[in-house]
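K.L.:
Take this structure, written in structure tokens, and hold onto it; I'll ask about it next.
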Amino acid sequence: MDCLFCKFASGDIPVDKVAENDVAFAINDINPVAPTHILVIPKVHHENAVASSMDDPTRLAALFSLVDEIVRRDGIDGYRTLFNTGASAGQSVFHTHLHLIAGRPFGWPPG
């Protein structure tokens, strides 16, 4: 498989992790849209969040557990989390990953 995030997970491509648990790891996004923009990536490959959830619903809970660890550690009081699913929604790496963005005001509705 030629998946960038799988190569990060396996250690084939070294990456600076900002947090990690048994199920996932977190890295800073290389194209941040906010002062804090972290990707929380499961170590097991699935194309998107629905596929991850269908395989093991606890996997997504572990991603949010890592988000909680990061925001508590870094004192983040307001943030947004999101999954992009499909190219038309902005997904560019087809391996489940959760965006944690913070550090600026966000409008509603998004997008």
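The values are calculated or read from the model by the stated rules, or taken from the named source; none is laboratory data. Quick caveat: nothing in here was measured; it's all calculated off a predicted structure. So basically every Cβ, Gly included, is an ideal-geometry build from the backbone, and we count neighbours across all protein chains shown.
K.L.:
Going through the range 1-21 one residue at a time, which ones are at pLDDT 95 or above and among the acidic types (Asp, Glu)?
P.N.:
Those that are at pLDDT 95 or above and among the acidic types (Asp, Glu): ASP12, ASP16, GLU20.
K.L.:
How about the range 33-75: which of its residues are charged (D, E, K, R), farther than 14 Å from VAL23 by Cα and touching a His at 6+ places or on another chain (Cβ under 8 Å)?
P.N.:
Selection gives GLU47 alone.
K.L.:
A further question on this structure: Please enumerate the residues belonging to the range 45-74 that are in contact with a helix residue (DSSP H, G or I) (Cβ under 6 Å, 6 or more places away or on another chain) and either assigned to a helix (DSSP H, G or I) or hydroxyl-bearing (Ser, Thr, Tyr) (or both).
P.N.:
Selection gives SER52, SER53, ARG59, LEU60.
K.L.:
Failed condition for PHE25, given (1) surrounded by fewer than 19 Cβ atoms within 10 Å (Cβ to Cβ); (2) part of a strand (DSSP E or B), with all others met?
P.N.:
So the condition that PHE25 fails would be (1).
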